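Here's the structure, in structure tokens; my notes come after.
Please treat every number below as a calculation from the coordinates, not as lab data. Computed from a prediction, not measured in an experiment: that's the story for all the values here. Cβ placement follows ideal geometry from the backbone for every residue including glycine, while neighbour counts extend to all protein chains displayed.
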Amino acid sequence: MTAEPAFSPQRLAQLRFASLTEVRAALALLAREDLAAWLATPDGEDMLRAVFAQMPARYIGGLTGPAQTARWQVRREGAATVVYDLILAEDVCEVREPGSAGEPALTLTLDAVGFVEMASAAAQGMDLLLEGRLHISGDVQLAMRMELLFGLAAPGAPQ
């Protein structure tokens, strides 16, 4: 196992702006262990942070009532956990440093590969939950709506 990606750094940089279909195709070429090792590197952390930075643009909204905070804790083997709070309102999503919005209504904790798979619709949250890779505390109803709020289709569906 190596921390080097199975394809070039240029290709990884291009994936930051790729469609979900292109990201899923690239993920299919990587061994899970290799992807996990790469996500634990500084470049991998940058990629995870880029995914969070794109979340407001991917948010399609639909929440009613007051804004809610969902905390994401993305664990990386042998590296620091990446943590962000998402402030979700009817048609706005803000990404913030943890704790800046008070206590979250929901905390989602998962491994970095699971996060990338879920964010690209290569895996569904329910599957990750059943596999023990996703842990939820707090507002389970909000957790069940996360994929819908970000317009993520079932795996294999075009995006």
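Quick notes
- Cleavage-rule hits (GluC sites (Glu not before Pro)) in the range 52-159: DSSP loop, at most 15 neighbouring Cβ within 10 angstrom: 77, 90, 131
- Stokes-Einstein D for the range 19-159, Kirkwood Rh over Cα pairs, 37 °C, 0.692 mPa s (µm²/s): 216 µm²/s
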